[in-house]
Amino acid sequence: MNDIININAEGTTLRKHQLKMLEMLVFIDDVCRKNNIPYWLSGGTLLGAVRHKGFIPWDDDLDIAFFKKDLIKLHGLLRGYQGKYALQAYDTDPNYIAPYEKLRMKDTIIEENNDNDLFYRYKGIYIDLFYLEEGLPLFHYLSDKLQTSAIRWVKRSKGKKNLGVTAYIFFLKKIVFPIFRGCSKIFAASKVSYPLGSFFHTQFNKNWVFPLKELEFEGKMFYVPADYDSMLQAQYGNYMQIPSADEITTHVRSVQF
């Protein structure tokens, strides 16, 4: 157990990686506060804030979330940003097809375990920018199948997004997913989940999010959902239980600073 807890000891590659992600989170927090954009720590990052007051010791990614209209506003602010970070989205990286966005740190390189990043324009250290939207479990299941086909198509084309790939992704983003989203709004208006096609299916009550609170994360204060306990239970069950070493999974194979 001590080996797990100390896996990100000062000076380790993992700890250096975590501190780079923290730097990016501070940047996003500053932009959001200045522009009245609500966001909150989510997923394993929220769990880390509650259970560890910082990163889960072995965590090698960082997640924050928005409602969709707020991420669209942030997208508009960051799309033309010329500093040390780059916004990675469908309209800024021709081979990026995930339904959520990322903020990438320039002049760094990571390799992900799933190899989805092989043909990305931006390959640096990142934080995930998720949004919550209406999405019934059935539509998530179908969307994941369709998204998997898109990922395989891009890999087979070796990063060259041909007309067929482009048309298929357009069909998903502009026709299929909006239909799924619209049906979900009718039949489950009080529920939200991660984006369709994101491979995350947890259902949350909308009223768990606001009014946002603040919690400590790595010595700084960031926004978290009002009922973060319910959100974490929905996603992880008994989230205060530390997993065993063989239950731990990571996202990143290597990091270059």
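The values are calculated or read from the model by the stated rules, or taken from the named source; none is laboratory data. Small disclaimer: the values here were computed from a predicted structure and weren't measured. No Cβ is skipped: glycine too gets one built from the backbone with ideal geometry, and neighbour counts run over all protein chains shown. For the accessible areas, the whole protein counts, side chains as well, though only heavy atoms, and no ligand, DNA or RNA atoms are used. Shrake-Rupley method; radii C 1.70, N 1.55, O 1.52, S 1.80 Å.
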Can you find a residue that is touching an Asp or Glu at 6+ places or on another chain (Cβ under 9 Å), β-branched (Val, Ile, Thr), surrounded by fewer than 17 Cβ atoms within 10 Å (Cβ to Cβ) and farther than 30 Å from ARG33 by Cα anywhere in the stretch 243-251? yes
Selection count, the stretch 122-159, where residues are in a helix (DSSP H, G or I) and either in contact (Cβ under 8 Å) with a residue 60 or more places away in the chain or aliphatic (A, V, I, L, M) (or both): 9
Tally the residues that are at pLDDT 95 or above, open to solvent by 10 Å² or more (accessible area, probe 1.4 Å) and of a type in the set (A, V, I, L, M, F, W, C), restricting the search to the stretch 1-46. 6
Give the stretch 66-89 a look and list any residue that's touching a helix residue (DSSP H, G or I) at 6+ places or on another chain (Cβ under 7 Å) and of a type outside the set (A, V, I, L, M, F, W, C), or say none. TYR85
When you scan the stretch 149-157, do you find a residue that is exposed (fewer than 14 other Cβ atoms within 10 Å of the Cβ), farther than 24 Å from ILE72 by Cβ, within 19 Å of the chain's Cα centre (by Cα) and not aromatic (Phe, Trp, Tyr), even just one? no
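Looking only at the stretch 213-252, which residues are assigned to a loop (DSSP other than H, G, I, E, B), in contact with a strand residue (DSSP E or B) (Cβ under 9 Å, 6 or more places away or on another chain) and small (Gly, Ala, Ser)? Break it down stepwise before answering.
The initial filter retains those residues of the stretch 213-252 that are assigned to a loop (DSSP other than H, G, I, E, B), namely 218-219, 225-227, 237-244, 248-251.
Then drop every residue that is not in contact with a strand residue (DSSP E or B) (Cβ under 9 Å, 6 or more places away or on another chain), which leaves 225-227, 251.
Listed by number, the list holds a single entry, ALA226.
Applying the selection to the stretch 28-61, what residues are in a helix (DSSP H, G or I) and in contact (Cβ under 8 Å) with a residue 40 or more places away in the chain?
Here is the first cut: in the stretch 28-61, the residues in a helix (DSSP H, G or I) are 28-34, 43-52.
Result: ILE28, ASP29, VAL31, CYS32, GLY43, THR45, LEU46, LEU47, GLY48, ALA49, VAL50, ARG51.
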Does any residue of the stretch 190-202 turn out to be in contact with a Ser or Thr (Cβ under 9 Å, 6 or more places away or on another chain), part of a strand (DSSP E or B) and among the hydroxyl-bearing types (Ser, Thr, Tyr)? yes
